[in-house]
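Reading through the structure tokens given below for one structure.
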Amino acid sequence: LGTSAWYAPGVAAAQMVEAIVKDQKRIFPCCAWLQGQYGLKDIYLGSPVKLGKKGIEKIIELKLNADEMALVNASAKAVREVMDVLDKMNAAK
């Protein structure tokens with residue numbers, strides 16, 4: 001298409017696979033299943049994680065100030081709203 005927008009996501013995916021295959025324990029921003037981190041539960045949300053041979057080996061919980069935490073909660077709310085719409089549509093079935 002005359003652009004290189006495909007390159008960066010492809011390289012990122014390759015680096016993530018390499019970190020898992022080679023058990024590198026590297027840190028990446030990923031969508032992770034939160035179970036209490038940032039006060040959120042039962043939601044996939046972007047967070048820094050450590051990737052190794054077991055996949056996500058650790059979700060890294062950053063210390064956030066009140067404004068940053070408000071932004072995280074706003075993101076979680078938006079994700080939950082979309083999931084509610086999809087649930088009502090029976091899209092997962």
How would the stretch 1-54 be classified by its alpha-carbon gyration tensor: rounded, prolate or oblate, with rounded meaning a/c under 1.5 and the a/b versus b/c comparison settling the rest? oblate
For the chain, what does -39500 (n - 2.57) per DSSP helix run (n ≥ 4), summed and divided by total residues, give at 222 nm, in deg cm²/dmol to the nearest 500? -14000 deg cm²/dmol
What's the Kirkwood radius of the chain in Å, using all Cα pairs? 15.2 Å
Against the longest alpha carbon principal axis of the chain, how many degrees, from 0 to 90 and to the nearest 10, is the axis of helix 7-21 turned? 80 degrees
Within-13-Å neighbourhood charge of ILE60 [Cβ basis; K, R +1; D, E -1]: +3
Within straight cross-link reach of LYS25, meaning Cα distance under 20 Å, which lysines are found once same-chain residues fewer than 8 apart are removed? LYS50, LYS53, LYS54, LYS58
Lys and Arg at +1, Asp and Glu at -1: add these up for the other residues within a Cβ distance under 12 Å of ILE20 and post the number. +3
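Each value in this text was obtained by applying a stated rule to the coordinates, not by laboratory testing. Note that the coordinates shown come from a computational prediction; the quantities given were computed from them, not determined experimentally. No Cβ is skipped: glycine too gets one built from the backbone with ideal geometry, and neighbour counts run over all protein chains shown.
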